[in-house]
Amino acid sequence: MIKKNIAEALNQQIQHEQNNAQRYLAVALYFEGLNLHGLAAWLNKQAGDERGHAEKFIKHMVDRSGVVKLGALDAPQSTFKNPLVAIQSVQAVERATTALIEKLMALARKEGDYALEVLLHWFIGEQVEEEQWTNELAAEMELFYEKPGQLYMLDHQWGKRAKA
Ligand SMILES: [Fe+2]
Ligand SMILES: [Fe+2]
């Protein structure tokens, strides 16, 4: 069994991860619109990963007889001033997600919920990766977004990474 306040926090996190999937899909579509299909493929892959995150929390709830409450998703931002701003938006999303995962960990510890703590270990590692690549891509974008030749190179690179 899962405590009521933990179940509430997990339902909020499920909602957040589903919203993240929508956010990534919107940014992927923005890049499709710019004919930057490699970056679009990478961001689409991230949308899938975010759905996977929601599913991990859903499974944890179901396994522990918690009641999952799904809600309506937010309309994501779908237009951006330029590719740099678009990538900075996902960088901000990942930083916010890390803060939420850390809050969940603090709650799990306060409530002595060891099972949730184990699940959150995976998410803490995952957020290190998510922040790493968003920082890397944001730094590259800053250098190249106004230089079409280099931007196409960047697109190609991240497209290859999406298939790896
Ligand atoms: Fe996530
Ligand atoms: Fe993420």
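Summary of computed values
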{"item": "Rounded tilt (10° steps) of 114-144 against the dominant C-alpha axis of the chain", "result": "10"}
{"item": "Cα gyration tensor, segment 35-88 - rounded (a/c under 1.5), prolate or oblate", "result": "prolate"}
{"item": "Neighbour-count ranking [beta-carbon atoms within 10 angstrom, fewest first] of ARG95, ARG51", "result": "ARG95, ARG51"}
{"item": "Gained length - HIS37 relative to ASN5, 0.36 nm times residue gap less alpha-carbon distance", "result": "7.3 nm"}
{"item": "Order of LYS45, LYS110 - criterion: other Cβ atoms within 10 Å of each residue's Cβ, fewest first", "result": "LYS110, LYS45"}
{"item": "Residue exposure sequence - HIS156, HIS53, HIS121 - by fewest surrounding Cβ within 10 Å", "result": "HIS121, HIS156, HIS53"}
{"item": "In degrees, nearest ten, helix 37-63 long axis to first principal axis of the chain (Cα)", "result": "0"}
{"item": "Tilt relative to the chain, helix 148-163 - C-alpha long axis, 0 to 90 degrees, to 10", "result": "40"}
{"item": "LEU100-LYS59 pseudo-label distance in nm [points 7 Å out on the Cα-to-Cβ vector]", "result": "2.0"}
{"item": "Reachable lysines, given that their alpha-carbon falls under 25 Å from the alpha-carbon of LYS69 and they are not under 8 places away in the same chain", "result": "LYS3, LYS4, LYS56, LYS59, LYS103, LYS110"}
{"item": "Anisotropy class of the chain from Cα gyration tensor, a/c 1.5 cut", "result": "prolate"}
{"item": "Distance in nm between pseudo-label sites at ASP74 and ARG161 (7 Å out along the Cβ direction from Cα)", "result": "2.5"}
{"item": "Listed residues GLY159, MET141, ILE124: farthest to the positive end of the dipole of segment 123-164 (Cβ charges)", "result": "GLY159"}
{"item": "In order through segment 14-25: 3J(HN,Hα) via Karplus (6.51 cos²θ - 1.76 cosθ + 1.60), integer Hz, x for Gly, Pro", "result": "4, 4, 4, 5, 5, 5, 4, 4, 4, 4, 5, 4"}
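All of the numbers you see were taken from the coordinates with simple rules; none came from a lab. Just so you know, these numbers come straight off a predicted model, no measurement behind them. Cβ: placed from backbone, ideal geometry, glycine included. Neighbour counts: every protein chain shown.
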